[in-house]
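Here's the structure we're looking at; comments come further down.
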Amino acid sequence: MSKSIVLALSLLFTPWALAAETAAEPAAEPAAGAAVEGAAEAVNWQDLKAGNEVSNISSLQEGARNFSNYCLGCHSMKFMRWSRMCDDLRVPKAECQANLMPPNAKPADYMVSSLRAEDAVAWFGKEPPDLSLIARSRGVDYIYRLFKTFYVDPAKPTHTNNLVLDGIAMPAVLSELEGVKTAVYKNVDVVVDGKPSVQKVFDHFSTTSPGQLTEAQYDKFLRNTVNFLDYAGDPTQVDRRSIGIWVVLFLLAFTGIAWLMKKDYWKDVH
Amino acid sequence: MASNDAASQVNQGAGFMGWLNKRLPVNKFISDQLLEYYAPKNFNVWYFFGSLALLVLVMQLVSGIFLTMFYKVGDTTAFESVEFIRREVSYGWLIQSLHAIGASAFFVVVYLHMYRALMYGSYKAPRELLWLFGMFIYLALMAEAFMGYVLPWGNMSYWAATVIINIFSTIPVIGPGLVEWIRGDYGVADATLNRFFSLHVVAIPLILLLLVALHLVALRQVGSNNPDGIEIKENKGSDGKPVDGIPFHPYYTVKDIVGVGFFLTLFAVVVFFVPTFGGLFMEEANFEPANPLSTPEPIAPSWYFTPYYAILRAVPNQRIGALLLLLAVLAFFFLPWLDRSPVKSVRYRGLWFKGMLAVFTVSFLALMYLGLKPASASYVNAARVFAIGYFSFFVLMPLYTKWDRVKSVPKRVSFHE
């Protein structure tokens with residue numbers, strides 16, 4: 001079978017497949033009141049897309065590093081083994097052990113955080129969720145938006161709040177990279193029960209102290225991390241699509257031959 | 001046309017086959033069921049779905065056997081074992097996908113198979129019993145799919161089970177006790193999961209196989225209907241064979257293989273490229289373990305139950321809603337006796353039936369869509385309108401099939417190649 005057919009088929013199916021798979025993500029909660037117009041940002045935060053590419057190995061490798069450095073302190077990935085992850089991501093064994101795995105972990109161990117559940121409950125009020133399937137249950141765009149909308153909120157115990165998940169228990173652990181942001185609100189005239197009133201709605205973020213990364217760098221950091229979570233949610237997905245092309249090609253050929261056979265058998269039926 | 005003489009004079013064969021045929025009617029069976037079984041020659045694409053349903057049944061049985069080797073029933077082990085199958089069992093992801101998506105494929109195929117019967121009047125005499133066996137298969141399939149859906153013990157498994165079992169609580173007097181008896185606990189719990197596993201892998205598959213066997217025997221007895229709704233047995237040639245009939249084998253075996261090819265191609269596209277099918281075949285909420293403290297919004301049953309779920313929610317009174325849900329399913333059973341038309345196929349029926357079939361089609365699909373949506377006021381009002389459309393197809397059938405101006409049915413089937 002020629003390479004061009006495979007390429008054509010993969011082009012035919014893959015974007016559609018990806019579109020259909022991401023289409024079902026739960027929609028972000030709409031902002032209260034009237035439409036929110038980002039003054040500085042061109043895109044509403046509700047419309048932000050992860051835009052990750054799960055077949056991009058170097059992006060996954062960076063995502064794995066980010067996960068190990070920033071997430072694993074609290075969040076486990078209990079369905080994922082270090083060895084399998086490093087094999088899939090083509091990270092050499094030695095490098096995996098030196099840079100990604102905790103010092104006492106063995107390659108066949110599951111990727112489990114060392115945070116004890118009772119400590120987590122004491123410190124944050126709840127156990128941090130396992131992230132093995134987070135990209136499947138919430139969708140990649142949800143996670144991307146979550147990490148684009150942390151802001152300072154002195155009213156909360158962690159001094160942190162989030163537009164996607166109001167009252168989030170998790171502190172803004174990436175603020176050293178992204179910078180510290182506060183939410184700027186604007187007054188919008190709305191009509192409630194026939195009476196005009198003024199409502200405070202989110203307008204845009206203002207950065208009060210910059211982080212180590214520029215916005216573009218931070219977005220890339222986030223995209224790689226979300227990409228890794230996408231991979232971890234369904235680690236066979238890249239293999240699955242490449243096997244699928246051959247299965248579909250075989251079945252098309254099978255159907256074609258079966259059709260010719262049927263025509264031949266039926267030529268005397270009038 | 002390759003045909004033997006009479007079915008009674010079956011070639012016994014020599015050697016081993018001769019020995020075998022004296023003790024087991026192998027050749028006789030093949031002759032009766034395939035070579036000398038005459039099917040109308042004018043089947044169209046709608047006639048693929050019977051053999052496809054059988055294919056999906058076998059696929060579900062085989063993939064289910066392999067899943068059972070690794071699945072660990074129990075409220076603390078079920079979710080993790082499914083994830084173990086997807087990640088660590090060789091090609092477990094494929095087997096699990098085939099089975100989970102196969103459940104949806106089963107309903108796609110069965111709904112189209114049933115719709116074929118509605119269009120061409122395949123439920124009418126002399127095929128009433130064939131239709132009833134088919135409807136019992138449909139009921140068993142719904143039970144099988146519902147219990148299978150609970151087994152991965154995801155959050156939607158848990159909540160869908162909770163909601164669906166609670167429908168039984170609306171039954172007067174015995175309702176609350178019955179619900180407890182079904183669950184085996186005060187809520188959906190480990191006991192529920194274990195009994196559903198037992199029923200899903202042993203009891204209901206046995207019932208399904210028995211019903212499928214009866215369905216096929218009844219089909220062989222009365223013969224297949226066809227898109228013209230003409231009884232081919234009433235028009236036999238001088239050789240005693242129906243003039244519009246052709247032997248099932250080789251004609252329909254080779255034709256059904258083409259249908260199998262088309263079906264498997266589409267199925268493979270879903271399995272390999274869009275396994276969740278936008279959340280319809282695998283829901284996002286089911287990738288979180290069962291959690292009695294966190295209700296997914298909205299709770300929707302699988303897409304193949306949503307027409308009935310929408311009817312349930314359309315009624316403010318829960319008890320009446322549950323009754324209408326039951327009637328919506330059972331209505332199909334009465335079709336052979338509700339239909340007073342002298343003709344079977346929609347091709348020779350009048351505007352009344354065509355119009356009502358269109359109303360039913362639109363209502364069923366609309367209810368399916370609405371059942372997947374949250375129960376907001378506008379959706380519930382729309383569901384009420386379509387529920388009326390759904391039931392009027394059945395309730396008014398004795399009237400409009402009588403009023404209908406039918407065309408005269410020709411003696412021979414129309415055949416286009």
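Kindly indicate whether B:Ala218 is touching a residue at least 40 places away in the same chain (Cβ under 8 Å), open to solvent by less than 60 Å² (accessible area, probe 1.4 Å), out of contact with any Lys or Arg (no Cβ under 6 Å at 6 or more places or on another chain) and part of a helix (DSSP H, G or I). Taking the combined requirement at face value, the residue satisfies it. When segment B:392-414 is filtered for residues that are closer than 16 Å to B:Glu231 by Cβ and not β-branched (Val, Ile, Thr), the ones remaining, listed by number, are B:Ser408, B:Pro410, B:Lys411, B:Arg412, B:Ser414. Looking at B:Thr276, B:Thr253, just one residue is of a type in the set (Ser, Thr, Tyr), at negative phi, facing another protein chain (nearest Cβ under 10 Å) and without any contact (Cβ under 8 Å) to a residue 12 or more places away in the chain, and that residue is B:Thr276. The residue of segment B:180-200 that is surrounded by the fewest Cβ atoms within 10 Å (Cβ to Cβ), among those that are among the charged types (D, E, K, R) and within 14 Å of B:Asn166 (Cβ to Cβ), is B:Asp185. Evaluation of B:Ala358 against the conditions (1) under 30 Å from B:Val243 (Cβ atoms); (2) open to solvent by less than 60 Å² (accessible area, probe 1.4 Å); (3) free of Cβ contacts under 8 Å to residues at least 12 places away in the same chain shows that the sole unmet condition is (1). If the condition is being open to solvent by 20 Å² or more (accessible area, probe 1.4 Å), in contact with a strand residue (DSSP E or B) (Cβ under 6 Å, 6 or more places away or on another chain) and either over 17 Å from A:Phe150 (Cβ atoms) or at the interface with chain B (Cβ under 10 Å from one of its Cβ atoms) (or both), then segment A:198-249 contributes A:Val198, A:Gln199, A:Lys200. Considering B:Leu151, B:Leu141, B:Leu130, the condition of being in the same structural domain as B:Leu214 (by TED's automatic domain parsing), open to solvent by less than 40 Å² (accessible area, probe 1.4 Å), under 22 Å from the mean Cα position of the chain (by Cα) and farther than 22 Å from B:Leu330 by Cβ is satisfied by B:Leu151 alone. In summary, A:Asp268 fulfils each of the numbered conditions (1) at pLDDT 95 or above; (2) within 14 Å of chain B (Cβ to nearest Cβ); (3) surrounded by fewer than 18 Cβ atoms within 10 Å (Cβ to Cβ) with the single exception of condition (1).
Name the one entry in B:Ser341, B:Ser378 that is assigned to a loop (DSSP other than H, G, I, E, B), of a type in the set (Ser, Thr, Tyr), in the same structural domain as B:Ala310 (by TED's automatic domain parsing) and on the phi < 0 side of the Ramachandran plot.
B:Ser341
Restricting the search to segment A:194-221, which residues are part of a strand (DSSP E or B) and under 25 Å from A:Asp141 (Cβ atoms)? Hits for segment A:194-221 are A:Val201, A:Phe202, A:Asp203, A:His204, A:Phe205, A:Ser206, A:Thr207. Scanning segment A:119-156 for residues that are of a type in the set (D, E, K, R), within 14 Å of chain B (Cβ to nearest Cβ) and in contact (Cβ under 8 Å) with a residue 24 or more places away in the chain turns up A:Lys126, A:Asp130, A:Arg136, A:Arg138, A:Asp141.
Only one of B:Leu338, B:Leu326 is open to solvent by 70 Å² or more (accessible area, probe 1.4 Å) and under 25 Å from B:Tyr115 (Cα atoms); which? Steps first, please.
Working: B:Leu338 fails: open to solvent by 70 Å² or more (accessible area, probe 1.4 Å).
Residue meeting the stated conditions: B:Leu326.
For the residues B:Phe277, B:Phe267, B:Phe281, the requirement of being open to solvent by less than 30 Å² (accessible area, probe 1.4 Å), modelled with pLDDT of 90 or more and of a type in the set (Phe, Trp, Tyr) singles out B:Phe267.
The values are calculated or read from the model by the stated rules, or taken from the named source; none is laboratory data. Quick caveat: nothing in here was measured; it's all calculated off a predicted structure. Methodologically, a virtual Cβ is constructed for each residue, glycine included, from the backbone with ideal geometry; neighbour enumeration extends over all protein chains shown. These accessible areas exclude ligands, DNA and RNA; they are computed on the full protein's heavy atoms, side chains included. Shrake-Rupley method; radii C 1.70, N 1.55, O 1.52, S 1.80 Å.
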